[in-house]
Amino acid sequence: MELRSTSATQTRAIGAAIASVADAGDVVVLTGDLGTGKTVLAQGIAAALGVDEPVVSPTFTLMREYDGRLPVRHLDVYRLDHVQEAIDLGLEELLDDGVVLVEWGEGVREVLPAERLEVALSLLPPDAADDDTRRIEIAAVGAGWAARRDALVAALDALAGVRPC
Ligand SMILES: Nc1ncnc2c1ncn2[C@@H]1O[C@H](COP(=O)(O)OP(=O)(O)O)[C@@H](O)[C@H]1O
Ligand SMILES: [Mg+2]
C-alpha cells in the first residue's frame, strides 16, 4: 500500500488506522530519513491504542513504555549503541502482551521478528526539504499481518483526505 499524506495530522490518522487492526505481539517497523514523520506516525498509533500521555522520541533512552489498551513500547534504534542494546535486549521479550514500535528498524533487521508491519516514510517529492507531503508505504510481512491486510486497507480507505500515491 502506498499512501500520500499532506500533513502531520493525516500521518497520525494513518497511525490510528494501523492501530485499529493492531494486536498484542505486533511489531511495527518505521523507516525513513530524519524528519520524515516516524515519530508522528508512532504518536498516531499510540494515541489510538489509548495512550494519553505525550509520546516523545526515545532518542536518549532505547525504549519508552506507555499504557494504553495494550502496552505500547516505542524504540528508536538510530544510535548505534541502541542497535546493540536492542540486540542484547531481545525484542521477543517485549512482544508477549503489547505492541512494539521500532523507529529505524533497518539497523536491527536481524533481530526483528519474521512477522511485522513495515512502514517506510519519505519526502514527496524526494527533494522537497520543507514540504509537508510524505509518501507512506506500508508492507505486511508474514501470515499474521497478511490475514489482516483487507481490514487495514479498509481502515486506510476510510480516512478522509488520505489518497493512494
Ligand atoms: N505529512 C507529514 N507527516 C508527518 N510529519 C509531518 C508531515 N508534514 C510535516 N511534518 C512534520 O515533520 C516532522 C516529522 O518529525 P518526526 O516525526 O520527529 O520525524 P522522524 O521521527 O522521522 O525523525 C514534524 O515536525 C511534523 O510536524
Ligand atoms: Mg523519530
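Residues checked against (1) of a type in the set (A, V, I, L, M, F, W, C); (2) in contact with a Pro (Cβ under 7 Å, 6 or more places away or on another chain); (3) away from ligand 1 (no atom under 16 Å from the Cβ); (4) under 24 Å from Arg12 (Cβ atoms):
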{"residue": "Gly98", "(1), (2), (3), (4)": "no, yes, yes, yes"}
{"residue": "Glu103", "(1), (2), (3), (4)": "no, no, no, yes"}
{"residue": "Pro113", "(1), (2), (3), (4)": "no, no, yes, no"}
{"residue": "Ser122", "(1), (2), (3), (4)": "no, no, no, yes"}
{"residue": "Ala128", "(1), (2), (3), (4)": "yes, no, no, yes"}
{"residue": "Ile136", "(1), (2), (3), (4)": "yes, no, no, yes"}
{"residue": "Gly142", "(1), (2), (3), (4)": "no, no, yes, no"}
{"residue": "Asp150", "(1), (2), (3), (4)": "no, no, yes, yes"}
{"residue": "Leu156", "(1), (2), (3), (4)": "yes, no, no, yes"}
- Task: Report, ordered by the first and then the second residue, all pairs with beta carbons closer than 8 Å, sequence separation of six or more or different chains, a first member in region 120-148 that is without any contact (Cβ under 8 Å) to a residue 24 or more places away in the chain, and a second member that is of a type in the set (S, T, N, Q).
- Result: Pro125/Thr133
- Task: Would you point out the residue of region 1-37, among those that are of a type in the set (Val, Ile, Thr), in a loop (DSSP other than H, G, I, E, B) and under 14 Å from the mean Cα position of the chain (by Cα), that is farthest from ligand 2 (Cβ to nearest atom)?
- Result: Val21
- Note on Tyr66: of the conditions (1) surrounded by fewer than 20 Cβ atoms within 10 Å (Cβ to Cβ); (2) away from ligand 1 (no atom under 14 Å from the Cβ); (3) part of a strand (DSSP E or B), unmet is (1)
- Item | Qualifying residue in region 16-33 (condition: farther than 24 Å from Glu93 by Cα, modelled with pLDDT of 95 or more, more than 9 Å from ligand 1 (Cβ to nearest atom) and buried (at least 23 other Cβ atoms within 10 Å of the Cβ)) | yes
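The values are calculated or read from the model by the stated rules, or taken from the named source; none is laboratory data. Quick caveat, the model's predicted, so the values are computed rather than measured. With ideal geometry, Cβ positions are generated from the backbone for all residues, glycine too; neighbour counts draw on all protein chains shown.
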